[in-house]
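Participant: Questions regarding the structure given below will be posed in turn.
Values quoted throughout were computed directly from the atomic coordinates according to the rules given, and no laboratory measurement underlies them. Because the structure is a prediction, the values reported are computed rather than measured. Heads up, the Cβs are rebuilt from the backbone with ideal geometry, glycines too, and the neighbour counts pull from every protein chain shown.
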Amino acid sequence: MNNITEAKRYLDNAKSILKNQAQKENGIYQDKKYVKLAGHAAYLGVLMALDGVLGHKSKGRKSVEWYKAELTKLDRRMTSIFDAAYSTLHLSMSYDGNPSAGVATEGLKQAEQIINWVENKTVTA
């Protein structure tokens, strides 16, 4: 399975978790556990997609700083979107369990933008 297909699968899983398990009422998810799972799944999808275009790191583990630095070499606008996705999906949702449906919607939108950008970049390459 290629990176884009797998990234989209992770994003679909995140959407499904929010829709079917997080129990949204009046714009607020009632179960933080599922918000965290969805945020983590979506963020992993972003990283998976980016790995397809950024490649491998020579030494050690990849960090958010590494992703930002490598992405900046290709597209500064996309670096800003990645920074927002990191903050929303990883920190706010996955780590803090922010229950706001608006936050989740924006994070998933950012993830889709990044995945679509990578898909277009790999098609034209």
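Participant: I'm trying to understand the selection: among the residues of the stretch 30-51, which are over 19 Å from the mean Cα position of the chain (by Cα) and either within 14 Å of G102 (Cβ to Cβ) or of a type in the set (S, T, N, Q) (or both)?
Facilitator: Correct list: Q30 only.
Participant: Which numbered condition in (1) in contact with a Gly (Cβ under 9 Å, 6 or more places away or on another chain); (2) of a type outside the set (S, T, N, Q); (3) surrounded by 14 or more Cβ atoms within 10 Å (Cβ to Cβ) is the only one that A22 fails?
Facilitator: The one condition A22 does not meet is (1).
Participant: For the condition surrounded by fewer than 14 Cβ atoms within 10 Å (Cβ to Cβ) and part of a helix (DSSP H, G or I), what is the one hit in G45, G102?
Facilitator: From the options G45, G102, the qualifying one is G102.
Participant: Considering each residue of the stretch 48-73, count those that are part of a helix (DSSP H, G or I) and either surrounded by 13 or more Cβ atoms within 10 Å (Cβ to Cβ) or among the β-branched types (V, I, T) (or both), and give that number.
Facilitator: Here the count works out to 14.
Participant: Taking the criterion of being touching a residue at least 60 places away in the same chain (Cβ under 8 Å) and not small (G, A, S), would at least one residue in the stretch 48-63 satisfy it?
Facilitator: Yes; the residues of the stretch 48-63 include at least one that is touching a residue at least 60 places away in the same chain (Cβ under 8 Å) and not small (G, A, S).
Participant: Determine which member of the set G102, G107, G52 is in contact with a Ser or Thr (Cβ under 7 Å, 6 or more places away or on another chain) and within 19 Å of Y29 (Cβ to Cβ).
Facilitator: G107
Participant: Mind counting the residues in the stretch 74-90 that are under 22 Å from K24 (Cα atoms) and surrounded by fewer than 16 Cβ atoms within 10 Å (Cβ to Cβ)?
Facilitator: 1
Participant: Among the residues of the stretch 113-124 satisfying the criterion of being in contact (Cβ under 8 Å) with a residue 60 or more places away in the chain and surrounded by fewer than 18 Cβ atoms within 10 Å (Cβ to Cβ), which is nearest to T5 (Cα to Cα)?
Facilitator: Residue satisfying both the conditions and the ranking: T122.
Participant: Please work out if D31 is free of Cβ contacts under 8 Å to residues at least 12 places away in the same chain and surrounded by 15 or more Cβ atoms within 10 Å (Cβ to Cβ).
Facilitator: yes
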